[in-house]
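Nothing in this text is a laboratory measurement; each read-out follows from the coordinates by a stated rule. From a predicted model like this one, the values you see are computed outputs, not experimental measurements. Heads up, the Cβs are rebuilt from the backbone with ideal geometry, glycines too, and the neighbour counts pull from every protein chain shown.
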Amino acid sequence: MSKLDPRPIVQGFYEACSGSIQYVVACPVTRRCAIIDPVLDFDEKAGATATRSADAILAHVDEQGLTVDWIVDTHPHADHLSAARYLKEATDAPTATGARVVDVQALWKHIYNLPADFPTDGSQWDKTFDDGETFRIGELDARVMHSPGHTLASITVVVGDAAFVHDTFFMPDSGTARCDFPGGDAARLWRSLQRILALPDDTRVFTGHDYGQGGREPLWESTVAEQRATNTHIVAAGTEDEFVAIRKARDATLPMPKLILHALQVNIRGGRLPDPEANGRRYLKIPLDAFGRSAS
Ligand SMILES: [Fe+2]
């Protein structure tokens, strides 16, 4: 980034049910913006969707006089439903995600036994970004870095001095994202982390999740220098092999996210809910024993 480039204005919105951070990143000159990783609220006990989180983002956009140019999902999320489709209908902005989403679609099409004509070509988004591809947010340059490991399709979006890393680095005291979902790979995540650490030291790193480590308030902003010096997993692991061992040991202790089976069928459709059935109601589909049988 040259000294003349504007510094993006970043606003994070914390969604407490899933510990997700949603972002609005805006050009200070043109007031154009992108929304990154918006959440569609979902109460799994009632099967009820709501748009409180997305509407709070729309209210911010309105209050700040912003125009939405892009709605980006960094990957198909396993812990929440994406509000990308709802926000597209509200703003008319295009939706986008990483090009390798096609691999995640193929994987989950099989798990859900979706109909043969379910497209696995990324056509549910207006744009899928390849590694290194760039786009504009007003006068800001945004660059996409493929950063797999947590999923096959994860991307990091670098906008000026801000990197939206989502499920790669968490806050330094919380380490890194899990790699045990279908398509996850700890060695690939290690390589993605190294690519992020190669960004300039003062790059602002915005993570996608925070769970209030040790009871502290949720946080989501750090820097590349802080991550290199203090991230618990980076400090503990000097090599890829050591990182993979740490990551696998940690992942073995984690239960599946409670919404993984609800969320992926929506998120591989770009945030669309399944089509209504003949009675006008939409249904989610839950595969049984997809990850092995219950131990209890
Ligand atoms: Fe995730």
Handout entry: Gained length - Ala187 relative to Asp275, 0.36 nm times residue gap less alpha-carbon distance
Key = 27.9 nm
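Within segment 181-288, report the chymotrypsin sites (Phe, Trp or Tyr not before Pro) that DSSP leaves as loop and that have at most 14 other Cβ atoms within 10 Å. Please list the in-between numbers first.
Values: sites: Trp190, Phe206, Tyr211, Trp220, Phe243, Tyr283; in loops: Tyr211, Trp220, Tyr283.
Those satisfying the criteria are Tyr211, Tyr283.
Only bridges whose two residues both fall in the chain count here: according to DSSP, what percent of them are antiparallel, nearest 5? Walk me through the numbers before you get to the answer.
On the way: 33 of 48 bridges.
The answer is about 70 percent antiparallel.
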Exercise for the section: Express the relative contact order of the chain as a whole percentage, based on alpha carbon pairs under 8 Å and six or more residues apart in sequence. Expected result: 17 percent
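At 0.36 nm per residue, and after removing the present C-alpha to C-alpha distance, how many nm does the segment from His60 to Glu44 gain when stretched out fully?
Values: separation 16, 0.36 × 16 = 5.76 nm, distance 2.70 nm.
Stretched fully, the His60-Glu44 segment lengthens by 3.1 nm.
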Completion exercise
segment 92-143: relative contact order from alpha carbon pairs under 8 Å, six or more residues apart, as a whole percent, is 43 percent
Practice task
Kindly work out what percent of the DSSP beta bridges joining two residues of segment 93-223 are antiparallel, to the nearest 5.
Solution key: 70 percent
Completion exercise
What helix-only [θ] at 222 nm does the chain give? Using -39500 (n - 2.57) per DSSP H run of at least 4, over all residues, to the nearest 500, the answer is -7500 deg cm²/dmol
Problem - Non-local Lys pairs in the chain, i.e. 8 or more apart or on different chains, that have alpha carbons under 25 Å apart - result: 11
Fill in the blank from the handout: Under a Gaussian network model of the chain whose springs join Cα atoms within less than 10 Å, the largest fluctuation of Ala236, Ala186, Ala83 belongs to Ala236
Fill in the blank from the handout: Expected vector for segment 149-159, Karplus 3J(HN,Hα) from phi with 6.51, -1.76, 1.60 and θ = phi - 60°, integer Hz, x for Gly and Pro, equals x, 5, 9, 5, 10, 4, 10, 10, 10, 9, 10
Practice task
Could I have the simple spin-label model distance between Ala229 and Arg282, label points 7 Å from Cα toward Cβ, reported in nm to one decimal?
Solution key: 4.6 nm
Practice task
For Lys248 paired with Phe118, estimate the spin-label separation in nm (one decimal), with each label point 7 Å from Cα along the Cα-to-Cβ line.
Solution key: 3.0 nm
Practice task
Would you please give the residues with an amide H less than 5 Å from that of His150, counting only those at least 5 places away or on a separate chain, with H modeled from the backbone geometry?
Solution key: Asp185
Exercise for the section: Quick one: among Gln64, Gln227, Gln105, which has the greatest mean-square fluctuation in a GNM of the chain with alpha-carbon springs under 10 angstrom? Expected result: Gln64
Practice task
State, to one decimal in nm², a quarter of the convex hull surface area for the C-alpha atoms of the chain, i.e. the direction-averaged projected area.
Solution key: 16.0 nm²
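Taking only C-alpha pairs under 8 Å that are 6+ residues apart, what is the relative contact order of segment 114-270 in percent?
Dividing the mean separation by the residue count of segment 114-270 yields 19 percent.
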